[in-house]
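A quick write-up on the structure given underneath.
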Amino acid sequence: MSGKVHFFSRVGKTRIIPIGLKMLLIFICLILLSNFITNFISLQLTQRQIINLNNTIMVSQLKELYSASSNQYQIYSYSGNKQESIEAMCKVARTGFANANSVAFGISRNGEFQFLADANERTVWTNFSDSNALRQLNENREAGIAEGSISFTTPHGDYFGVYKYHDDWGYYIVRAELRTDLEKSNYRVYGIISALIIILTLLFITVGYIILRREFSTLRSFTDDLIQMQQKKKLELIDISKAPNDDVTYMAASFNSLSMQVNNLLDTFQKFVSKDIVAKAYAGRDVGLEGKQQELAMLFSDVKSFTYRTETLGNDIIEVLNVHYNRVIHNVHENYGIVGSIIGDAILAIYGTLDSKRSKAYNAVISAWNITRATAELRQEMLERREEIEKTRKLTESEERVFQAVMVDVGVGIDGGKVFYGTIGRNDFDDPRQSHMTNTVIGDTVNSASRLEGLTRIYHIPVVVSESIKEEVSAETARYKFIEIDTVQVKGKTKGKKIYFPFDTNEMDEAILEQYTKFEEGLKAYYEGDWKAARKIFKGLELDVTQVFLERMGTKGAPADWSGIWAMTTK
């Protein structure tokens, strides 16, 4: 199980964010929002309570100041020293100050200050500047209200407080506090609480992250597995051996069950459908009834003497064919070909539909030789098996027949050209069960490849290719030297067609190449009608293909209308 943090995991261009991280971020935002809103509401309510408490305190202090003012008025009445009485009242007022801008003062009805006491002893007010507040005081007094609350504006800020009219002195005595002093105190408390909230939140985030990381570790592991499957485009099983018994594990187990079913269907699908259709389905593209003309190479391979093998082996021929096709199909796929169809003992392979650095013709020729080598290896295994048996006894007549039947040999024909390649059949969107489609290739090139394969039996060579294949491969590589075998007019055609044997210079003996070089000299004389010279050359060669021409020419000379083209009477 991976312990890696997947903040930057991606599928294509899409970033994958762990669900645990999403949940943690949501909880963090909700917790912070809840705490800050709660704190703000609490602060507002507390501020009101503080103001009410301050008013209560100021009322008490105002009463004390009012009493002191009454006493000082009596003293002033006897002594006549007004300034001394004012200083005494200021001294009493300052004993109740708690904030930096606390004030107490007396103002007459026209707004003139009679005395002023402030906490910092630096306030200089020449007159009461808030005319609206003064007018309200006077209106209240005329209405018989001599005391109450007051709010007023000064050059230093907004104040709130309480007042009472003193009849002896004939002015209003006011006790007030600067509103910002209380707000600063409140915001200081708010800041401290906010800092505590952030610290505690970070602590809870750490604890929550550890808990969520542990709880969602299996989900991260499941996500890793799914991302790898998406990148490989292959369904696999999620490892739930160490997962807890929860709903996420149940979801993974359900996925595994579905994955096994889908893989089973895909395995079956791939066995019956060509590789390009499988690739299209894996890429998420719709597979419908469609097709187009393409330049492709067709390879047709057929088992020689199949009727004899079937009669001899009976049902066991299926087992022999499966061993044979196991190697053939592997070679086709290995060289970027697809299996177009399997018809009994014959296989049609198509080249050019899959991306490859080599040309379609080159891939087809490589496959052809690999197929013949694979069947040769199978025959060699049978020979070695026979030798083992004959060390102790000879084969019976029936065993000899079986041995000859399992000595599978094939011929391969290759041609290239324009063909229709696509999907045909029925595609019922309303009821898919009624649909049936097959991938097919249609064109004369397919028939030509089949006929070229038939010529391998006549000319006793394993592989026959057309001129178009020869030209395409020769332009790409010097590995194969194409030996011209003949110019034939197959049944159903009006024109002659050159056929070639692709000699593999990497695998075949140089002495054999020299034989084929001399064969081409004899073929040239054969084309020119000099059959006598051609016979002489062919008789000096140890190639099976020469027997065809020697039998064809016999002891006669070339016909008067000889064109060098041999017309085939059978397919």
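The values are calculated or read from the model by the stated rules, or taken from the named source; none is laboratory data. As the structure is a prediction and not an experimental result, all values here were calculated from the model. Note that each Cβ is placed from the backbone with ideal geometry, even for glycine, and that neighbours are counted across all protein chains shown. To get the accessible areas, we keep the full protein, side chains included, count just its heavy atoms, and leave off ligands, DNA and RNA. Shrake-Rupley method; radii C 1.70, N 1.55, O 1.52, S 1.80 Å.
Kindly establish whether Lys498 is more than 47 Å from the chain's Cα centre (by Cα), closer than 22 Å to Ile350 by Cα and open to solvent by 60 Å² or more (accessible area, probe 1.4 Å).
Working: more than 47 Å from the chain's Cα centre (by Cα): yes; closer than 22 Å to Ile350 by Cα: yes; open to solvent by 60 Å² or more (accessible area, probe 1.4 Å): yes.
Taking the combined requirement at face value, the residue satisfies it.
Does any residue of the stretch 111-120 turn out to be under 19 Å from Trp169 (Cα atoms), in a helix (DSSP H, G or I) and free of Cβ contacts under 8 Å to residues at least 60 places away in the same chain?
Step one: list which residues in the stretch 111-120 are under 19 Å from Trp169 (Cα atoms), which gives 111-117.
Okay, now just the ones that are also in a helix (DSSP H, G or I), so none.
So far as the stretch 111-120 goes, no, none of its residues is under 19 Å from Trp169 (Cα atoms), in a helix (DSSP H, G or I) and free of Cβ contacts under 8 Å to residues at least 60 places away in the same chain.
Ile338 passes every criterion in (1) open to solvent by 90 Å² or more (accessible area, probe 1.4 Å); (2) touching a residue at least 24 places away in the same chain (Cβ under 8 Å) apart from (1). Would you be able to tell me the number of residues in the stretch 554-567 that are in contact (Cβ under 8 Å) with a residue 40 or more places away in the chain and either open to solvent by less than 30 Å² (accessible area, probe 1.4 Å) or over 23 Å from Pro502 (Cα atoms) (or both)? Adding up the residues that qualify gives 2. The set of residues in the stretch 164-200 that are surrounded by 13 or more Cβ atoms within 10 Å (Cβ to Cβ), over 20 Å from Gly96 (Cα atoms) and modelled with pLDDT of 80 or more comprises Trp169, Tyr171.
Is it the case that some residue within the stretch 256-279 is closer than 21 Å to Ser367 by Cα, at pLDDT 80 or above and not in a helix (DSSP H, G or I)? Looking for residues that are closer than 21 Å to Ser367 by Cα, at pLDDT 80 or above and not in a helix (DSSP H, G or I), one finds none in the stretch 256-279, hence no. I'd like to check something: does the stretch 370-380 contain any residue that is surrounded by 15 or more Cβ atoms within 10 Å (Cβ to Cβ), aliphatic (A, V, I, L, M) and closer than 17 Å to Glu507 by Cβ? Yes. Restricting attention to the stretch 541-553 and to residues that are open to solvent by 60 Å² or more (accessible area, probe 1.4 Å) and either at pLDDT 95 or above or part of a helix (DSSP H, G or I) (or both), the residue that is farthest from Ile485 (Cα to Cα) turns out to be Glu551.
In the stretch 128-174, how many are basic (Lys, Arg) and not in a strand (DSSP E or B)?
Pass one, the stretch 128-174, residues basic (Lys, Arg): 135, 141, 164.
Going one step further and asking which of them are not in a strand (DSSP E or B), we end up with 135, 141.
Selection size over the stretch 128-174: 2.
Residues in the stretch 485-492 include none that are farther than 22 Å from Phe300 by Cα and either open to solvent by 30 Å² or more (accessible area, probe 1.4 Å) or of a type in the set (Ser, Thr, Tyr) (or both).
When the residues of the stretch 303-328 are filtered to those that are closer than 28 Å to Glu467 by Cα and either modelled with pLDDT under 80 or buried (at least 20 other Cβ atoms within 10 Å of the Cβ) (or both), the one that is farthest from the chain's Cα centre (by Cα) is Ser305.
Answer with yes or no whether Leu237 is outside any helix (DSSP H, G or I), modelled with pLDDT of 75 or more, among the hydrophobic types (A, V, I, L, M, F, W, C) and open to solvent by 70 Å² or more (accessible area, probe 1.4 Å).
Numbers: outside any helix (DSSP H, G or I): yes; modelled with pLDDT of 75 or more: yes; among the hydrophobic types (A, V, I, L, M, F, W, C): yes; open to solvent by 70 Å² or more (accessible area, probe 1.4 Å): yes.
Yes.
Looking at Phe538, is it aromatic (Phe, Trp, Tyr), crowded, with 18+ Cβ neighbours inside 10 Å and either touching a strand residue (DSSP E or B) at 6+ places or on another chain (Cβ under 8 Å) or closer than 25 Å to Ala361 by Cβ (or both)? Judged against the criteria, Phe538 is not a match. Pairs linking a residue in the stretch 496-518 that is farther than 11 Å from Tyr480 by Cβ and part of a strand (DSSP E or B) to a residue that is modelled with pLDDT under 90 and open to solvent by less than 70 Å² (accessible area, probe 1.4 Å), with Cβ atoms under 8 Å and 6 or more positions apart or on different chains, are Lys497/Gln489; Lys497/Val490. What number of residues in the stretch 451-479 are outside any helix (DSSP H, G or I) and either among the hydrophobic types (A, V, I, L, M, F, W, C) or open to solvent by 10 Å² or more (accessible area, probe 1.4 Å) (or both)? Here the count works out to 11. Checking the stated criteria, Lys82 turns out to be in contact with a Phe, Trp or Tyr (Cβ under 7 Å, 6 or more places away or on another chain), modelled with pLDDT of 85 or more and of a type outside the set (A, V, I, L, M, F, W, C).
Of all residues in the stretch 93-107, those that are part of a helix (DSSP H, G or I) and buried (at least 20 other Cβ atoms within 10 Å of the Cβ) total 1. Selection of the stretch 504-522 for residues being buried (at least 19 other Cβ atoms within 10 Å of the Cβ) and either closer than 19 Å to Gly454 by Cα or among the small types (Gly, Ala, Ser) (or both) yields only Gly522. When the stretch 108-133 is examined, which residues are found to be farther than 17 Å from Gln61 by Cβ and open to solvent by less than 80 Å² (accessible area, probe 1.4 Å)? Ser108, Gly111, Phe113, Gln114, Asn120, Thr123, Trp125, Phe128, Ser129, Asp130, Ser131, Ala133, listed by residue number.
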